[in-house]
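**Q** Provided herewith is a single structure, encoded as structure tokens, for subsequent inquiry.
The values are calculated or read from the model by the stated rules, or taken from the named source; none is laboratory data. Because the structure is predicted, anything quoted here is derived from the model rather than measured. Here the Cβ is made from the backbone with ideal geometry for all residues, glycine too, and neighbour counts use every protein chain on show.
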């Protein structure tokens, strides 16, 4: 469900459908980013403290999906361009500016500026 919702937003951004007020768009991106990060971090924590055969099997199915989606999200030019336009355009509160700067940096570290072949290689390495 989290990956499906994020994929739908990613598709709307890539088609140029998702527009709106700066604050609204920032809230939407922040909401989806936080939701994905929360699922991934809680899953990893649970794996570390409550290890069981059933959990390993469930997490073994979910983790590759989350990792693949987070890599796609982090390398999405549509999301990156949207964040950069927000970063360059609007007057933002200091906390929101720091969040936006952090998200842009996170995407740059995820390889958003790489060429297509290098992005694919980066995603393959992330999945290992």
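**Q** With the checklist (1) modelled with pLDDT under 85; (2) farther than 18 Å from residue 87 by Cβ; (3) surrounded by 14 or more Cβ atoms within 10 Å (Cβ to Cβ) in hand, flag the one item residue 33 doesn't pass.
**A** (2)
**Q** Using the structure shown, decide if residue 1 is more than 22 Å from residue 128 (Cα to Cα), modelled with pLDDT under 85 and surrounded by 12 or more Cβ atoms within 10 Å (Cβ to Cβ). Quick ask: steps written out before the conclusion?
**A** Details: more than 22 Å from residue 128 (Cα to Cα): yes; modelled with pLDDT under 85: yes; surrounded by 12 or more Cβ atoms within 10 Å (Cβ to Cβ): no.
Taking the combined requirement at face value, the residue does not satisfy it.
**Q** Within the range 8-29, is even one residue at pLDDT 85 or above, assigned to a helix (DSSP H, G or I), under 23 Å from residue 99 (Cα atoms) and touching a helix residue (DSSP H, G or I) at 6+ places or on another chain (Cβ under 7 Å)?
**A** Here is the first cut: in the range 8-29, the ones at pLDDT 85 or above are 8.
With the extra rule that they be assigned to a helix (DSSP H, G or I), the set shrinks to 8.
Right, trim to under 23 Å from residue 99 (Cα atoms) and you get 8.
Still in the running and touching a helix residue (DSSP H, G or I) at 6+ places or on another chain (Cβ under 7 Å): none.
No, the range 8-29 has no match at all.
**Q** Counting only residues that are exposed (fewer than 13 other Cβ atoms within 10 Å of the Cβ) and in contact (Cβ under 8 Å) with a residue 60 or more places away in the chain, how many does the range 88-128 have?
**A** Here the count works out to 2.
**Q** Can you go through 128, 106, 68 and tell me which one is on the phi < 0 side of the Ramachandran plot and out of contact with any helix residue (DSSP H, G or I) (no Cβ under 8 Å at 6 or more places or on another chain)?
**A** Details: 106 fails: out of contact with any helix residue (DSSP H, G or I) (no Cβ under 8 Å at 6 or more places or on another chain); 68 fails: out of contact with any helix residue (DSSP H, G or I) (no Cβ under 8 Å at 6 or more places or on another chain).
One residue alone meets the criteria, 128.
**Q** Moving on. Inspect the range 67-82 for any residue being modelled with pLDDT under 85, surrounded by 13 or more Cβ atoms within 10 Å (Cβ to Cβ) and not in a helix (DSSP H, G or I) and give the result as yes or no.
**A** Among the residues of the range 67-82, not one is modelled with pLDDT under 85, surrounded by 13 or more Cβ atoms within 10 Å (Cβ to Cβ) and not in a helix (DSSP H, G or I), which makes the answer no.
**Q** Residue by residue through the range 39-54, note down the ones that are within 24 Å of the chain's Cα centre (by Cα) and either outside any helix (DSSP H, G or I) or under 24 Å from residue 4 (Cβ atoms) (or both).
**A** To start, the set of residues in the range 39-54 that are within 24 Å of the chain's Cα centre (by Cα) comprises 39-48.
If the condition is that a residue be within 24 Å of the chain's Cα centre (by Cα) and either outside any helix (DSSP H, G or I) or under 24 Å from residue 4 (Cβ atoms) (or both), then 39, 40, 41, 42, 43, 44, 45, 46, 47 are the ones that fit.
**Q** Could we say that residue 42 is loosely packed, with under 13 Cβ neighbours inside 10 Å and closer than 23 Å to residue 126 by Cβ here? Write out each step before concluding.
**A** Details: loosely packed, with under 13 Cβ neighbours inside 10 Å: yes; closer than 23 Å to residue 126 by Cβ: yes.
Taking the combined requirement at face value, the residue satisfies it.
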